[in-house]
Structures are given as structure tokens and as C-alpha cells.
Amino acid sequence: MKTESNPALADLSRLGLGAAAWSGAAALGTITALAQEMTRFLTDRFAADLALQNDLLACRDPASLQEVQMRFVTDAMADYVAAAARMAQLGVGVAAATSHHRAKDNGPV
């Protein structure tokens with residue numbers, strides 16, 4: 001369908017949404033990789049949360065309780081930072097994979 005015969009599509013194309021025509025495969029690959037990464041991260045964090053419960057139950061004094069809590073928070077922060085970096089890298093990958101098409105996307109789809 002030509003955009004000239006459909007004003008709504010022509011408007012979307014002018015807004016830059018015509019990029020979906022060439023970025024679909026790269027975006028789908030990235031969305032899949034992001035979903036896999038998020039699933040892996042959440043699974044690992046859930047396992048760490050369960051381990052925390054066991055570690056907390058094993059504490060016999062306030063000092064060991066504080067040590068377990070501090071270790072958990074430190075590890076969680078490192079995990080979140082690493083996951084954010086991996087997610088950002090995946091985003092950069094899709095931008096790089098699709099950016100060479102942007103110069104060609106000057107007209108209607």
C-alpha cells in the first residue's frame with residue numbers, strides 16, 4: 001500500500017515511523033535478546049533472594065545478620081549494574097544494526 005493514497009501512513013512516515021519497515025528484524029532480535037537477558041537476571045536474583053532467606057535464618061547474632069544483609073545488598077547492587085550494562089549494550093547493538101538504513105528513510109514507505 002502506497003502512503004500517498006493513505007494520509008495516515010504518510011503522516012506516520014513523516015514522523016519517522018517508516019523506520020519500522022527496515023528495523024523490524026533487528027528490533028525483533030534485540031527484543032528477544034532483552035527478554036532472555038531479563039529472564040536470566042530475574043532467575044538469578046530470585047535464587048539470591050531465596051538464599052538470603054536461608055542465610056538470615058541461620059544467623060545467631062546481630063553481627064552475623066548485619067553481615068548477611070550487607071553482603072546481599074552489595075551483591076544485588078553489582079548484579080543490577082551489570083544487568084543494566086548488558087541491556088544497554090543490547091540497545092546499542094540494535095541501534096548499530098539499524099542506523100545504516102536511516103539515511104535511506106527520507107521518503108514515504
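The values are calculated or read from the model by the stated rules, or taken from the named source; none is laboratory data. Everything numeric in this text was worked out from a predicted model, so none of it was measured. Reconstructed Cβ throughout: ideal geometry from the backbone, glycine too, with neighbour counts over all protein chains shown.
Only one residue in 3, 30 is modelled with pLDDT of 65 or more and of a type in the set (Ser, Thr, Tyr), so which one is that?
Values: 3 fails: modelled with pLDDT of 65 or more.
Of 3, 30, the one residue that is modelled with pLDDT of 65 or more and of a type in the set (Ser, Thr, Tyr) is 30.
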query: So which residues in segment 73-89 are within 17 Å of the chain's Cα centre (by Cα) and touching a residue at least 24 places away in the same chain (Cβ under 8 Å)?
result: 79, 83, 86, 87
- line: Going through segment 33-49 in order, the residues found to be more than 20 Å from residue 74 (Cβ to Cβ) and surrounded by 11 or more Cβ atoms within 10 Å (Cβ to Cβ) are 33, 34, 36, 37, 38, 40
query: Across segment 53-89, what is the number of residues that are outside any helix (DSSP H, G or I) and loosely packed, with under 14 Cβ neighbours inside 10 Å?
result: 2
